[in-house]
Amino acid sequence: MDRLLRRFVHLVEWWAVILLILMVTVVSLGVFFRYVLEAALVWYDEFASYLLVWLTFYGAVVASYRQRHIGFEAVVDRFEGGTRKIIDIVGECFVLGFQFVLFYYGWQLTEKMGDETAVSLVWVKMSWVYSVLPITGGLMLLISLVRLVEIGFVKARRRGDQTAWSGSSSE
């Protein structure tokens, strides 16, 4: 499961790279048209904003998988054993709760936007733009569920390893 999730997150990371390249291209075009051709593009600012939002949320999926979000490592790393596991589980449950909210209300917002369109890009439906919320919320929800299983499994396995140690230096 972890291997499949790692590959999928790698695809999400490449998607974020594509979004970044697209955003840089759109902004560069906007600057070129405004300052070189003196003919501003009416759509580039709004489109670049949507790309930035998408880049941020898909980047958050990668950061969540790599455990690079803000945390209190200086405090948590001082705990050992069972206390550390409890703190990890409680913390991951809070993260899981936030991701469920992001997924659920993002889904509702995406449905409510329906056929609304962007201001300067009438062919872009706002439901497409807001779809990033339930998609990334669902992905991060999956990552947190896998992490909770790993935290519980490692805790159970370590207990078993301590009682079954044979004394060999190769273990």
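The values are calculated or read from the model by the stated rules, or taken from the named source; none is laboratory data. None of these values were measured; they are calculated from a predicted model. As a convention, Cβ positions derive from the backbone with ideal geometry for all residues, glycine included, and neighbour counts pool all protein chains shown.
What the table shows:
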read-out	value
Unique residue being more than 26 Å from L142 (Cα to Cα) and assigned to a helix (DSSP H, G or I) when the list is T25, T56	T25
Single condition Q108 does not satisfy, out of (1) closer than 23 Å to Y130 by Cβ; (2) surrounded by 15 or more Cβ atoms within 10 Å (Cβ to Cβ)	(2)
Selected residue [without any contact (Cβ under 8 Å) to a residue 12 or more places away in the chain, surrounded by fewer than 17 Cβ atoms within 10 Å (Cβ to Cβ) and within 15 Å of the chain's Cα centre (by Cα)] from L37, L11	L11
Failed item in (1) without any contact (Cβ under 8 Å) to a residue 60 or more places away in the chain; (2) out of contact with any strand residue (DSSP E or B) (no Cβ under 9 Å at 6 or more places or on another chain); (3) surrounded by 13 or more Cβ atoms within 10 Å (Cβ to Cβ), with Y65 passing the rest	(1)
Selection status of W43, over 14 Å from M140 (Cα atoms), within 22 Å of the chain's Cα centre (by Cα), in contact (Cβ under 8 Å) with a residue 24 or more places away in the chain and surrounded by 15 or more Cβ atoms within 10 Å (Cβ to Cβ)	no
Evaluation of V75 against (1) surrounded by 13 or more Cβ atoms within 10 Å (Cβ to Cβ); (2) part of a helix (DSSP H, G or I) (one fails), failing number	(1)
Only one of V101, V146 that is within 23 Å of S64 (Cα to Cα), in a helix (DSSP H, G or I) and modelled with pLDDT of 95 or more	V101
Criterion: among the aliphatic types (A, V, I, L, M), exposed (fewer than 12 other Cβ atoms within 10 Å of the Cβ), under 30 Å from V42 (Cα atoms) and in contact (Cβ under 8 Å) with a residue 12 or more places away in the chain - qualifying residue of V119, V129, V124	V119
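This table checks each residue for (1) at pLDDT 90 or above; (2) under 23 Å from Y65 (Cβ atoms); (3) among the basic types (K, R).
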| residue | (1), (2), (3) |
| --- | --- |
| C93 | yes, yes, no |
| L96 | yes, yes, no |
| Y105 | yes, yes, no |
| L109 | yes, no, no |
| G114 | no, no, no |
| W123 | no, no, no |
| L139 | yes, yes, no |
| R159 | no, no, yes |
| S170 | no, no, no |
